[in-house]
Amino acid sequence: MVNGQMRYSGGGGGYNARASSMDEKELASKTLQIQNKRFYLDVKENNRGRFIKIAEVGVGGHKSRILMSLPTSAEFRDKLSSLNDVYNELPPHNVENIPEDGRIKSDSIIRDNRRYYLDLKENKRGRFLRVTMMNLTTRAQIAIPAQGMIELRNSLTDLLTEFAKGEDVESNPTANLPQSKSMQIGRASCRERV
């Protein structure tokens, strides 16, 4: 089951209380229900510019998030289209014919001092897209059921159309994202939960 709804936060006038330490404004939020997971696509703005946060909330309430500048989000949207085309060409899911590592097709984006890995994969439960965001100190990932890729792409397109200026997406590939809220101490990694 895939469905979505859009919520605007007063045209960017209100501050998000959870992120007030960075003076982040939530400009819009879109909610998608894909199978048993909820996804939130938030357009936010801080003193460094606008960005999109994609959060996955699983059945037990576990939340995973990735952040992308608007230009990165536009590139991600285009790669979602390509991966969805590959998904549509696949034969029906067959538990007995799964690739050894589960990987069907992979792609990546390197931008904004971050790397994003997009892996279309398959396991016994079905096909999904694993999106991993990495920088020097942080690794975050979300898993999107494959049949929800097109809905996610359409939602990103709607948000980019509304909130990205043409020059933001086309000519500013190094737009800034908020600072990472994690640090590495020896072998331990510490993350601030927002």
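The values are calculated or read from the model by the stated rules, or taken from the named source; none is laboratory data. All values reported here derive from a predicted model rather than from experimental measurement. No Cβ is skipped: glycine too gets one built from the backbone with ideal geometry, and neighbour counts run over all protein chains shown. Accessible surface is based on the protein model in full, side chains and every heavy atom, while ligands, DNA and RNA are left aside. Shrake-Rupley method; radii C 1.70, N 1.55, O 1.52, S 1.80 Å.
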(request) Of the conditions (1) assigned to a helix (DSSP H, G or I); (2) at pLDDT 95 or above, S20 clears all except one; give me its number. (result) (2)
(request) Just give me the residues in region 63-117 being in contact (Cβ under 8 Å) with a residue 40 or more places away in the chain and open to solvent by 50 Å² or more (accessible area, probe 1.4 Å), in sequence order. (result) R65, R77, Y87, R111
(message) Looking only at residues that are open to solvent by 10 Å² or more (accessible area, probe 1.4 Å) and at pLDDT 95 or above in region 43-61, which one is farthest from A74 (Cα to Cα)?
(response) E56
(message) For N94, only one of the following conditions fails: (1) in contact with a Ser or Thr (Cβ under 7 Å, 6 or more places away or on another chain); (2) modelled with pLDDT under 95; (3) farther than 22 Å from R48 by Cα. What is its number?
(response) (1)
